[in-house]
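Engineer: Before I ask anything, here is the structure I am working with.
Just so it is clear, none of the values below were taken in a lab; they were calculated from the coordinates. Here the structure is a predicted model, which means the values were calculated and not measured. Positions of Cβ are backbone-derived with ideal geometry, glycine not excepted, and every protein chain shown enters the neighbour counts.
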Amino acid sequence: MYIGNNWLQRYYMATQTGNIQKLLRYLREVMAKPGRVQERLDRIVRYIAVNMESDVCSVYVIQDDGSLELYATEGLNKSAVHTTRLQKGEGLVGLAAQKAEPLAVSDAPRHPAFSYKPETGEDPFQSLLAVPLLRSGHVLGVLVIQSREPRDYRDEEIEEMQITAMVLAEILNSSELQSLAPKGTKVGLERPLHICGVGLSPGIGIGQVVLHEPHIVVKDIVAKNPEAEAKRLEKAISEVRSSVDRLLDNGEIEVGSEHQEILETFRMFVHDPGWLRRVREAVFSGLTAEAAVQRVQSDFRARLTRQNDPTMRDRIHDLEDMARRVLHHLVGNDLQSYRGPLPKNAIVVARSLGPAALLDYDRKRLSGLVLEEGGATSHIAVVAKALGIPVVSEATNVSTAVEAGQPIIIDGAAGDVHIRPKEDVRASYVQKKQLLAEQQKKYRAQRLVPSISRDGAAVSLYLNAGLPLDLSQVEETGAEGIGLFRTELLFLLAERLPSTEEQQKFYEQAFSILGDKPITFRTLDIGGDKMLPYLPMAEEENPALGWRALRIGLDRPGILRAQIRALLRAARGRALNILLPLAAHFEEIHQARAIVEREKSYLARHGAVLPETIRFGVMLEVPSLLFQLKELCRIVDFISVGSNDLFQFLFAADRSNPKVAHRYDTLSAAMVRALKCISDTAAAYKVPVTVCGEMAGKPLELMALLGLGFRSFSMAPLAIGPAKETVLRVNIGELKTLVDGYLKRCENRSLRTLLEAYAAKNAVTV
Ligand code: PEP
Ligand code: MG
């Protein structure tokens, strides 16, 4: 026998005499034998009733409308099977399902939630214990025992029932249960599920689930030898512990850094007595180590996701991570993301994903992305928009609610996710997708129409680009050029730092596709959430405020110099517009300019043909520049407002953190005033200004910017059509009056409501 821990030994001794092992063995045998599903279910409930010394044992299975249908019973009237239904949340059984927790009641008929179902003949039964059938934290049904006499269920009995329910949930094959379901309804993990998330990148994706982190499939649930399982479990846990200890103790992690804090928290979880106790108990009650980890995890997940407290919900991620690591140690494979070839119309489901990981997926087969975490202006959203991939974020628990290969539909504008959708839902999305395609066709047909407002003001619409495939979008959308070329996307795609020659080739390609149309190249904006895997950087506590963008370029001038040289060479004889990201004070701008000048002289000395003109611009993203706008206007040739970062820094709200990303309105007074300042000063100094953050691509925000005086915008390809449509429908003079009035009244509320009314009156689709 395994002797690792005294209390474990005691627990083991205690459960040796219990029924649970026998019961689990029986379940395994019944399920292994061929036979009709209904017969097997009937046998199981009969056995559980006897084993748990109860008069009744029943199984209810959840249907697609959330109701619970009686699927098998021992002790209630058999005629009620497949007839009795409890509506969502109805009765004690419904309550257990809703709360995803066991419910033990000694006097059921007197409980306020009791719902009497005469056809079941349940009058004589007093006590009731209902436990949810949970798989991956999702309720598939409820297992119930009832007794004639009042009975106070002991903790061990509840635990036994929970373990039985877990095994049942795992072994009851969804498709078998499905065969018992009334025609036209779906059960368990076959049920349709609608999750409301937040739309990050518009478009409709209809396809099949690809899990970024594939689920671990536990095949053996019932242990043949609990002692051996206990040893395996302890070994896996101690391996996870030592790997965390090693990471923390080998000195590679900076003391006091955020990374250290995360690992310390993680270490706490690996020693969490509550979690460990429950897993060990589950093993000693007869489950394999893997099944025990899954069972406890499923239970924790179900409980924690029903908590309103966000910090409690955060615990799920830590616990999930730990469970995943322990499971990987148990099944002996690496922690890795999806590696196989993508199926057609793949919709990747992930907890979170960085831009580089997204670019690893085959674009041609990728129809969408669903995330549990990620803010609307995060770089994953920016890259996905550039690629035209619909994305929904904040889809709570989506990664555990789906299985690979299941059908899924996402609406990246509305933020809806439909898992295993019904045919009518699917049909309506197919139609919606067609309509969107038609709308795009209309926008395409309109691409050569000049974007002039009703009152005759010309507005320039440029494209945000960065990937080779974006270049053709200039022609497709009718954009006037590229207003923001995010050069870092090429670096994110590469496996190593691209050479000067490789960069030059790519920039030349851009120039040649664009013809006479202008391009503004932004120098490398890496760091923050855009990490290059081949360029090691130290962990930072505040990456968004850290060593990124121009700061890296100036501290590692080799990288910036190579890029500038590639740009100067590629632009030979043409106009070159260079844009600096994240400048915070003038010294940085002067230094960068000096690098350009040096490179120019170097190339001239070597007889290279230089660009016809070089214009030098700065991204206005850091609020420090707001307070020296006049001086800025004197030293730059143009300004580009990076509204994503400007907003993030103005409100101190991390753009990739969904908890704060939507907290403030981009059309609230502070932002509107900051933008007004920029627009007025740039106009006074005759410095061209373009707005190139995500704001410009949203019709309401675009209307605000037009009213504020901006006339040049750069946006994702899909936003150009709706933006032009907006410009054609508005009267900018009227918008100016509206915005001026708002600013004069010093209103505290958002400008949004006023613009919504204007949009409705002028048939602008928002
Ligand atoms: C911005 O910050 O608004 C911007 C356009 O730059 P990026 O989104 O690439 O940080
Ligand atoms: Mg930015």
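Engineer: Among DSSP beta bridges whose residues both lie in the chain, state the antiparallel percentage, nearest 5. Please report the intermediate quantities before stating the final value.
Structural biologist: On the way: 46 of 84 bridges.
The answer is about 55 percent antiparallel.
Engineer: Which chymotrypsin sites (Phe, Trp or Tyr not before Pro) in the stretch 55-116 pass both tests, a DSSP loop state and at most 11 other beta-carbon atoms within 10 Å? Could you put the intermediate results ahead of the total?
Structural biologist: Numbers: sites: 60, 71, 114, 116; in loops: 114, 116.
Hits after loop and neighbour filter: 116.
Engineer: Kirkwood hydrodynamic radius (Cα pairs, Å) of the chain?
Structural biologist: Values: mean 1/r = 0.0341 Å⁻¹.
Over the chain, the inverse of the mean reciprocal pair distance is 29.3 Å.
Engineer: If neighbour count is taken as other Cβ atoms inside 10 Å, put 537, 31 in order from fewest to most. The partial results should precede the final answer.
Structural biologist: Values: 537 14, 31 20.
If I rank by nearby Cβ atoms, fewest first, I get 537, 31.
Engineer: Sticking with this one: Given axes a ≥ b ≥ c from the Cα gyration tensor, I'd like to know whether the stretch 645-733 is rounded (a/c under 1.5), prolate (a/b larger than b/c) or oblate. Show your work: numbers first, answer last.
Structural biologist: Values: a/c = 1.87, a/b = 1.24, b/c = 1.51.
Oblate, since a/c reaches 1.5 and b/c is not below a/b.
Engineer: Let me ask you something else. When 600, 761, 724 are ordered from fewest to most other Cβ atoms inside 10 Å of their Cβ, what list results?
Structural biologist: Details: 600 17, 761 9, 724 22.
Starting with the residue having the fewest Cβ neighbours, the order is 761, 600, 724.
Engineer: Within 12 Å, Cβ to Cβ, of residue 743, how many net charges do the neighbouring residues add up to if Lys/Arg are +1 and Asp/Glu are -1?
Structural biologist: For residues surrounding residue 743, the net value is +2.
Engineer: May I pose another question? Round to a whole angstrom and tell me the spacing of the C-alpha centers of the stretch 449-514 and the stretch 663-742.
Structural biologist: The stretch 449-514 and the stretch 663-742 have Cα centres spaced 21 Å from each other.
Engineer: Which distance in nm do the two modelled labels at residue 497 and residue 605 give, with both placed 7 Å along the Cα-to-Cβ direction?
Structural biologist: Label-label distance for residue 497 and residue 605, simple model: 2.2 nm.
Engineer: Can you give the angle from 0 to 90° between the axis of helix 423-445 and the longest principal axis of the chain, with both taken from C-alpha atoms, to the nearest 10?
Structural biologist: That helix lies at roughly 0 degrees to the long axis.
Engineer: Then there's this: Give, as a single signed number, the net charge of other residues whose beta carbon lies under 12 Å from the beta carbon of residue 454, with Lys and Arg counted +1 and Asp and Glu -1. Write down the numbers at each step before the final one.
Structural biologist: Numbers: positive: 729; negative: 455, 734.
Net local charge, residue 454 excluded: -1.
Engineer: Over the C-alpha atoms of the stretch 35-190, what are the Rg and the largest Cα-to-Cα span, Dmax, in Å?
Structural biologist: Looking at the stretch 35-190, its Cα Rg and Dmax stand at 13.9, 40 Å.
Engineer: Just to confirm a number: summing +1 for Lys and Arg and -1 for Asp and Glu over residues other than residue 123 whose beta-carbon lies under 15 angstrom from that of residue 123, what do you get? List each step's numbers first, then the result.
Structural biologist: On the way: positive: 110, 117, 148; negative: 55, 107, 119, 122, 149.
So the environment of residue 123 carries a net charge of -2.
Engineer: Could you tell me how many degrees, from 0 to 90 and to the nearest 10, lie between the Cα long axis of helix 226-249 and the main elongation axis, the longest principal axis, of the Cα atoms of the chain?
Structural biologist: The angle comes out at about 20 degrees.
Engineer: Which is the longest stretch in the chain that no exposed loop site breaks, taking sites as GluC sites (Glu not before Pro) with a DSSP loop state and at most 12 other Cβ atoms within 10 Å? Don't skip to the end; give the middle numbers.
Structural biologist: Numbers: sites that count: 53, 252, 495, 612.
Looking at the chain, 253-494 is the longest stretch - no exposed GluC sites (Glu not before Pro) with at most 12 other Cβ atoms within 10 Å.
Engineer: Could you tell me which of rounded, prolate or oblate describes the stretch 621-676, using a ≥ b ≥ c as the square roots of the eigenvalues of the alpha-carbon gyration tensor, with rounded for a/c under 1.5 and, failing that, prolate when a/b is larger than b/c and oblate otherwise?
Structural biologist: Note, shape of the stretch 621-676 comes out prolate.
Engineer: Applying 1/(1 + (r/R0)^6) with R0 = 51 Å to the Cβ-Cβ distance of residue 472 and residue 749, what FRET efficiency is obtained, to the nearest 0.05?
Structural biologist: Computed FRET efficiency for residue 472 and residue 749: 0.75.
Engineer: If I take every Cα pair under 8 Å that is 6 or more residues apart in the stretch 568-672, average their sequence separation and divide by the length, what percent do I get for the relative contact order? Intermediate values should be presented prior to the final figure.
Structural biologist: Values: 134 pairs, mean separation 28.2, N = 105.
After rounding, I find 27 percent.
Engineer: While we're on this one: Could you work out the helix-only [θ] at 222 nm for the chain, with each DSSP H run of four or more residues adding -39,500 (n - 2.57) and the total divided by the number of residues, to the nearest 500 deg cm²/dmol? Each step should come with its number before you reach the end.
Structural biologist: On the way: 29 runs with 354 residues, N = 766.
Result for the chain: -14500 deg cm²/dmol, rounded to the nearest 500.
Engineer: Now for a separate question. With N set to the number of residues, divide the alpha-carbon radius of gyration of the stretch 561-693 by 2.2 N^0.38 Å and report two decimals. Working shown, then result.
Structural biologist: Numbers: Rg = 16.9 Å, N = 133, 2.2 N^0.38 = 14.1 Å.
Cα-based Rg divided by the globular estimate yields 1.20.
Engineer: Contact order normalised by length for the stretch 35-190, with contacts defined as Cα pairs under 8 Å and 6 or more residues apart; what percent is it? Mind showing how you got there, number by number?
Structural biologist: Values: 313 pairs, mean separation 35.4, N = 156.
Worked out over the stretch 35-190, it gives 23 percent.
Engineer: How much length is gained if the chain between residue 657 and residue 414 is pulled fully straight, taking 0.36 nm per residue apart and subtracting their Cα-Cα distance, in nm to one decimal? Can you show the working numbers first?
Structural biologist: On the way: separation 243, 0.36 × 243 = 87.48 nm, distance 1.90 nm.
Answer, rounded to one decimal: 85.6 nm.
Engineer: Could you check the spin-label model distance between residue 627 and residue 756? Points 7 Å from the Cα along Cα→Cβ, value in nm.
Structural biologist: A separation of 3.5 nm, rounded to one decimal place.
Engineer: Relative contact order for the chain using alpha-carbon pairs under 8 Å, separation at least 6, rounded to a whole percent? Walk me through the numbers before you get to the answer.
Structural biologist: Values: 1443 pairs, mean separation 79.6, N = 766.
The value is 10 percent.
Engineer: Between the helical axis of 155-171 and the dominant principal axis of the chain, each derived from Cα atoms, what acute angle in degrees is found, rounded to the nearest 10?
Structural biologist: The two axes meet at around 70 degrees.
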